[in-house]
Amino acid sequence: MKDRMPRVFISAAHKSSGKTTLTLGLCAALHARGHAVQPFKKGPDYIDPLWLGMAARRSCYNLDFHMMQRDEIAQHFVRKASTARISLIEGNKGLYDGLDLDGSNSNAALAKLLGAPVVLVIDARGMTRGVAPLILGYQAFDPDIRIAGVILNNMGGSRHESKLRAVIEHYTDVEVIGAVQHDTSMQIAERHLGLVPANEQQAALERIHHVGARVADQVDLHRLLAIADSVAPLSVTLPAAFPAPAERVRVGLAHDQAFGFYYSEDLENLRAANVELVEIDTLHEQVLPNLDGLIIGGGFPEMFMEQLEANTSLRSSIRQAVEGGLPTYAECGGLMYLSRSLCWQGKTRQMVGVVPGDTVMHERPVGRGYARLQPTGDDHWQEPDNIPAHEFHYSSLENLPSDSIYAYQVTRGHGIDGMHDGYQSHQLLAGYAHRRGSGAQGWITPFLNQVRAHKLRAAT
């Protein structure tokens, strides 16, 4: 496929510059003007994409060098960007930040791979003439990166804005396409994992509309669209589509205020594999429906542990189903929910109990960042080697039996005990690591193999 696919990479000089709020506002403002906006987020993030997707009224998709191959990134981008008027790719941290010294997994590397011009968000608090060498340095560091515009953020008033515009115009050839004044009303409430999930905040749409209106007043949307339109065509060969399996299966998906960390790509690929996803509200539903499999993703179970404990009927139903052999995949918050108990802020609440350990929340992260998993040989699902993952958990799982069987050895990261992840029992696989479900190293294929085998056994 070869198409122009208008696109802009929204990046920053450093983290906490306000680019997520500005990208959110740009998505909302462009959508309000009738444009189809396709958001993307660099990195393994669940929370920001929830907000960006709500603002654009289209699912937001993750792009990440650790979890995806370069050709997978390009193909995934083209599939989703081809139907939009403009694609906005929000980076993480700073433009040149990344794990490797050569910058091969940086935001700049992603912008180059996708041929996307960069709009740099600069936190202008306390800055005047120093903004010029900052921009010039970012331009000079990698001449292959096209910094096509700047949005000044957290301005201190009209005089401050005038000074910065004059400095940038005098010393650089970069266009200022927006200057956003410091405004506490645009802030999104934060929590220990980042932004509060949009599916948990009742006033999310109202806040998004407000941020969009404020951004529209202070950013030149016509210039942003012109920058997006200035890109060269992106030529990517898409692989042939495979027909969906004929056999349809029903898989439960925990999806409510406590659990909601799922990649849009994975949910779409599950449906494409002829899976009927049945959403389960763990806070209110009393019993599991008839299912062939169950998925419990990450989230904030500690914030709802009283309600989760109070729903004794569903907890009992889940435990009976798992112990009866229902193929179940759980990540992080899902693992916490399936454990025996959950302790947070001096309170302990009973959970499902199918994982014979106790979850304890801590003030600081226990596992944080990219991870890699190697199957132990005892893994029931027979997965490929060297599985990429990421983790961000503030809890630990304590008091597990010494003879517990784990699917993975952790070669990078922390997992359950610093050495292992992926607790196994019956047809349950539950771990702290978050994985991409799609692709050759994803969890979807081995999970569905278990689901279809279980359905076949149940039918005979």
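Quick note: the coordinates plus some simple rules give every number you see, no bench work behind them. This structure is a prediction, so every number in the text was calculated from the model and none was measured. Cβ atoms come from the backbone with ideal geometry, glycine included; neighbour counts cover every protein chain shown.
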In nm, spacing of pseudo-spin labels at residue 79 and residue 101 (7 Å Cα→C-beta vector): 3.7 nm
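Ratio of Rg to Rh for segment 249-459, alpha carbon only, Kirkwood?
Taking Rh as the inverse mean 1/r over Cα pairs, Rg/Rh reads 0.93.
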Work out how much length residue 3 to residue 460 would gain on full extension: take 0.36 nm times their residue separation and subtract the Cα-Cα distance, in nm to one decimal. 159.5 nm
What's the extension gain from residue 217 to residue 363 if we count 0.36 nm per residue and subtract their Cα-Cα distance? 48.6 nm
Taking amide hydrogens as modeled 1.01 Å from N in the peptide plane, which residues meet the under 5 Å criterion relative to residue 60, leaving out close sequence neighbours? 53
Let a ≥ b ≥ c be the square roots of the eigenvalues of the Cα gyration tensor of segment 1-135; is it rounded (a/c under 1.5), or, if not, prolate (a/b larger than b/c) or oblate? oblate
Below 8 Å, C-alpha to C-alpha, sequence gap of six or more: please give me the relative contact order for segment 249-459 in percent. 19 percent
Which residues' amide hydrogens lie under 5 Å from the amide hydrogen of residue 280, considering only partners 5 or more residues apart or on another chain, with H built in the peptide plane? 253, 254, 255
Could you give the length gained on full extension between residue 70 and residue 426, defined as 0.36 nm per residue of separation minus the Cα-Cα distance, in nm? 124.5 nm
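Tell me the mean residue ellipticity at 222 nm calculated for the chain from its helices only (DSSP H runs of n ≥ 4, each -39500 (n - 2.57), averaged over every residue, nearest 500).
Mean residue ellipticity, 222 nm, calculated: -9000 deg cm²/dmol.
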List the GluC sites (Glu not before Pro) in segment 208-296 that DSSP assigns to loop (not H, G, I, E or B) and whose Cβ has at most 14 other Cβ atoms within 10 Å. Which are they? 247
Label-point separation in nm, residue 169 to residue 404, each point 7 Å along Cα→Cβ: 6.3 nm
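Take the alpha carbon gyration tensor of segment 333-458, find the square roots of its eigenvalues, order them as a ≥ b ≥ c, and report rounded if a/c is under 1.5; if not, report prolate when a/b exceeds b/c, else oblate.
Verdict is oblate for segment 333-458.
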Charge-dipole axis of segment 69-211 as Lys and Arg at +1 and Asp and Glu at -1 on Cβ define it, positive-most pick from 108, 127, 98: 127
What does the charge dipole of the chain about its Cα centre add up to, to the nearest 20 debye, if the Cβ of each Lys and Arg holds +1 and the Cβ of each Asp and Glu holds -1? 1080 debye
Residue by residue through segment 415-424, what is 3J(HN,Hα) from phi via Karplus (6.51 cos²θ - 1.76 cosθ + 1.60, θ = phi - 60°)? Round to whole Hz and write x for glycine and proline. x, 7, 10, x, 10, 10, 8, x, 5, 10
